[in-house]
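Peer 1: Below is a structure I'd like to ask you about.
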Amino acid sequence: MKTIKEISEQLQQTSNPEPWMRTLEDDHRAGVKKELQKWYRNYEKIRQLEQMLQEKINFDNRYRTDGGALVAGVDEAGRGPLAGPVVCAAVILPDEAPQLLGLNDSKKLPVQERNRLSTIIKEVAISYSVHIQSAERIDEMNIYAATRESMEKAVSTLAACPDIVLADAMKLQVGCKSESIIKGDAQSLAIAAASILAKTTRDQLMNRLHEEFPMYNFKKNAGYGTEEHVEALHLHGPCAHHRKTFEPVKSILEGR
């Protein structure tokens, strides 16, 4: 009879249910039952992730005019904060990308998973591009126009020319067909990949700004208007990276 440790190791090396596993169901040892239940939970989780990945691939495939068409996904991070840039990313993925199992809207993933996926996206992407739109430019144009311009610049600097661009809730003027997809980062694999690159890039930038301006705690709030951040604004005033047209930054600068 195999030990519980030996059974655990064998289960870890098993990807799909196999006939020998049925005998474990009759094993009287609680440790064996625990390991078997653990394996089935993990197996079901992987199956769900595989289904989610395929659904996102299928969504993007609807927009391919032929098998070789390149679909670019575009998304942004940082439209709402009081400080820091808007970061936009464009990503073209290959037809098959099993390495991206678990890829989803960046807001639904923990930091470590976003960083892990960001590295993989850069490795497997046919092309990707990231554009950083400064707070100054946001104040010059308004947040909507500045975000759209940043998205378009991200697309224009891709090394490969896409046949169609899928943007998250934004209609773009680019050199090819473009579609605005509501909640695109939850439906499209390419948009979800772009959301990961935009979010991880912006987080890195805000962490650097935190080192320069620790009083605002950008590392924690990413520039969003938390109570702590607003209190720091009233105490220290805005810095060069605050958006002067956003409230309450605007009123503080005007002395109200």
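Peer 1: Taking the range 165-196 as the search range and keeping residues that are in a loop (DSSP other than H, G, I, E, B) and touching a Phe, Trp or Tyr at 6+ places or on another chain (Cβ under 8 Å), which one is most open to solvent (accessible area, probe 1.4 Å)? Break it down into steps so the answer makes sense when it comes.
Peer 2: Narrowing the range 165-196 to residues in a loop (DSSP other than H, G, I, E, B): 169-176, 182-183, 187-188.
Next cut, touching a Phe, Trp or Tyr at 6+ places or on another chain (Cβ under 8 Å) only: 187-188.
Details: Q187: 73, S188: 0 Å².
Within the range 165-196, the match that is most open to solvent (accessible area, probe 1.4 Å) is Q187.
Peer 1: Now for a different question. Since A72 meets every condition but one in (1) touching a Leu at 6+ places or on another chain (Cβ under 9 Å); (2) aliphatic (A, V, I, L, M); (3) in a loop (DSSP other than H, G, I, E, B), which condition does it not meet?
Peer 2: (3)
Peer 1: Within the range 214-247, work out how many residues are assigned to a loop (DSSP other than H, G, I, E, B) and open to solvent by 10 Å² or more (accessible area, probe 1.4 Å).
Peer 2: So the answer is 14.
Peer 1: Test of understanding: among K250, K199, which residue is outside any loop (DSSP other than H, G, I, E, B), more than 25 Å from I120 (Cβ to Cβ) and charged (D, E, K, R)?
Peer 2: Exactly one of K250, K199 is outside any loop (DSSP other than H, G, I, E, B), more than 25 Å from I120 (Cβ to Cβ) and charged (D, E, K, R), namely K250.
Peer 1: How about the range 1-51: which of its residues are more than 25 Å from L103 (Cα to Cα) and hydroxyl-bearing (S, T, Y)?
Peer 2: Across the range 1-51, the qualifying residues are T3, S8, T23.
Peer 1: To continue, here is another question. Please find, within the range 197-206, the residue that is farthest from the chain's Cα centre (by Cα) out of those that are open to solvent by 10 Å² or more (accessible area, probe 1.4 Å) and not aliphatic (A, V, I, L, M).
Peer 2: The selected residue is Q204.
Peer 1: Filter the range 89-100 down to the residues that are open to solvent by 30 Å² or more (accessible area, probe 1.4 Å) and assigned to a loop (DSSP other than H, G, I, E, B), then identify the one that is nearest to E149 (Cα to Cα).
Peer 2: By that ranking, first place goes to P94.
Peer 1: Right, T157: hydroxyl-bearing (S, T, Y), under 30 Å from C239 (Cβ atoms) and buried (at least 16 other Cβ atoms within 10 Å of the Cβ) or not?
Peer 2: Against the criterion (hydroxyl-bearing (S, T, Y), under 30 Å from C239 (Cβ atoms) and buried (at least 16 other Cβ atoms within 10 Å of the Cβ)), T157 does not qualify.
Peer 1: Among the residues of the range 3-35, which ones are hydrophobic (A, V, I, L, M, F, W, C) and surrounded by 13 or more Cβ atoms within 10 Å (Cβ to Cβ)?
Peer 2: I4, I7, L11, M21, L24, V32
Peer 1: For A83, indicate whether it is over 20 Å from Q173 (Cβ atoms), touching a His at 6+ places or on another chain (Cβ under 6 Å) and touching a residue at least 60 places away in the same chain (Cβ under 8 Å).
Peer 2: Numbers: over 20 Å from Q173 (Cβ atoms): yes; touching a His at 6+ places or on another chain (Cβ under 6 Å): yes; touching a residue at least 60 places away in the same chain (Cβ under 8 Å): yes.
Considered against the rule, which asks whether it is over 20 Å from Q173 (Cβ atoms), touching a His at 6+ places or on another chain (Cβ under 6 Å) and touching a residue at least 60 places away in the same chain (Cβ under 8 Å), A83 comes out as yes.
Peer 1: Given the structure, is E211 open to solvent by 30 Å² or more (accessible area, probe 1.4 Å), free of Cβ contacts under 8 Å to residues at least 12 places away in the same chain and more than 21 Å from G80 (Cα to Cα)?
Peer 2: yes
Peer 1: Can you find a residue that is open to solvent by 40 Å² or more (accessible area, probe 1.4 Å), without any contact (Cβ under 8 Å) to a residue 12 or more places away in the chain and not in a helix (DSSP H, G or I) anywhere in the range 116-137?
Peer 2: no
Peer 1: May I pose another question? Taking P81 and the conditions (1) open to solvent by less than 20 Å² (accessible area, probe 1.4 Å); (2) of a type outside the set (D, E, K, R); (3) in contact with a helix residue (DSSP H, G or I) (Cβ under 6 Å, 6 or more places away or on another chain); (4) not in a helix (DSSP H, G or I), which numbered condition does it fall short on, given that it satisfies the others?
Peer 2: Every listed condition holds for P81 apart from (3).
Peer 1: Against the condition part of a loop (DSSP other than H, G, I, E, B) and in contact (Cβ under 8 Å) with a residue 40 or more places away in the chain, how does L103 come out, does it pass?
Peer 2: yes
The values are calculated or read from the model by the stated rules, or taken from the named source; none is laboratory data. Note that the structure is predicted; figures quoted are calculated from it, not measured. We place every Cβ from the backbone using ideal geometry, glycine too, and count neighbours over all the protein chains shown. Protein only, heavy atoms only, side chains kept; ligands, DNA and RNA dropped before computing areas. Shrake-Rupley method; radii C 1.70, N 1.55, O 1.52, S 1.80 Å.
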